[in-house]
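The values are calculated or read from the model by the stated rules, or taken from the named source; none is laboratory data. If you're wondering where the values come from, they're calculated on a predicted model, not measured in any experiment. When we count neighbours, we look across all protein chains shown, and the Cβ atoms used for this are built from the backbone with ideal geometry, even at glycine. Each accessible area value is taken on the protein alone, full model and side chains, heavy atoms only, with ligands, DNA and RNA left out. Shrake-Rupley method; radii C 1.70, N 1.55, O 1.52, S 1.80 Å.
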Amino acid sequence: MSGHHGAQRSCLGCRKVLDKSSLVRYVLAADGRVLVDFRQKLPGRGAYTCLSRGCQREAVRRNQFQRAFRGRNQAVAEGELAAELTRQLADKVDGLLGMVRKAGLAVGGSNLVLSSLDKKDELALVIVAQDISEGVLEKVRRKADAAAVPLFTWGHKETLGRCMGKEERSVIGVKKASLATALQEGLARYERFVGEI
């Protein structure tokens with residue numbers, strides 16, 4: 001594993017050379033489809049782009065996947081690649097949320113989260129559901145801002161509830177730990193990619 005540490009690859013879109021762990025990997029399926037390999041686990045020759053819709057789009061526009069896979073791939077639709085990468089980014093966040101719950105690092109429910117935000121340095125981040133009420137959101141946002149705790153929006157109440165093993169949750173606090181850092185990075189990557197036009 002250590003042999004792969006620090007390996008450099010160039011992005012098919014912008015051509016920047018970066019550490020391959022910071023790039024998105026693509027591989028060729030047996031039927032010639034280009035597959036997104038976000039976890040970088042699939043076998044075969046890889047091609048890479050930055051975690052950017054712009055780079056993905058540019059790679060498709062300039063036929064860079066054709067060059068990388070020596071013309072053995074089917075035609076690539078940028079919209080399909082973007083949708084698949086979005087799904088894999090979301091799966092990663094959902095998986096990390098489950099790990100956070102199993103590790104006992106999650107605080108669920110607005111009252112518990114608000115009181116945890118009053119305790120200095122307890123929470124690493126706060127996650128709110130898309131369908132949280134405006135009143136609760138405003139209270140949580142104010143306290144999170146005052147405590148300098150980042151706030152992310154993820155899924156709906158039932159999505160957050162399912163991640164927490166409950167019926168519904170409108171807000172979750174995540175205690176400080178390395179898992180919280182990984183979750184924050186995953187949420188930020190998802191927001192950055194989905195937020196691009």
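Structural remarks
- Enumeration of residues in the range 28-50 that are surrounded by fewer than 19 Cβ atoms within 10 Å (Cβ to Cβ) and among the aliphatic types (A, V, I, L, M): Ala29, Ala30, Leu35, Leu42
- Output for the range 1-60, where each listed residue is in a loop (DSSP other than H, G, I, E, B), among the small types (Gly, Ala, Ser) and within 19 Å of Gly195 (Cα to Cα): Gly13, Ser52
- Across the range 176-197, the number of residues qualifying as open to solvent by 70 Å² or more (accessible area, probe 1.4 Å) and under 20 Å from Leu105 (Cβ atoms) comes to 4.
- Sole residue being surrounded by fewer than 20 Cβ atoms within 10 Å (Cβ to Cβ), within 23 Å of the chain's Cα centre (by Cα) and closer than 30 Å to Gly173 by Cα, chosen from Arg101, Arg57: Arg101
- Any hit, the range 147-164, residues being touching a helix residue (DSSP H, G or I) at 6+ places or on another chain (Cβ under 7 Å), of a type in the set (A, V, I, L, M) and assigned to a helix (DSSP H, G or I): no
- Test: residue in the range 74-88 that is in contact (Cβ under 8 Å) with a residue 24 or more places away in the chain and part of a loop (DSSP other than H, G, I, E, B): yes
- Among the residues listed as Arg15, Arg70, the single one being open to solvent by 50 Å² or more (accessible area, probe 1.4 Å), modelled with pLDDT of 95 or more and either farther than 23 Å from Ala188 by Cβ or in contact with a strand residue (DSSP E or B) (Cβ under 7 Å, 6 or more places away or on another chain) (or both): Arg15
- Picking from residues in the range 61-71 that are assigned to a loop (DSSP other than H, G, I, E, B) and of a type in the set (D, E, K, R), the one that is farthest from Leu85 (Cα to Cα) is Arg70.
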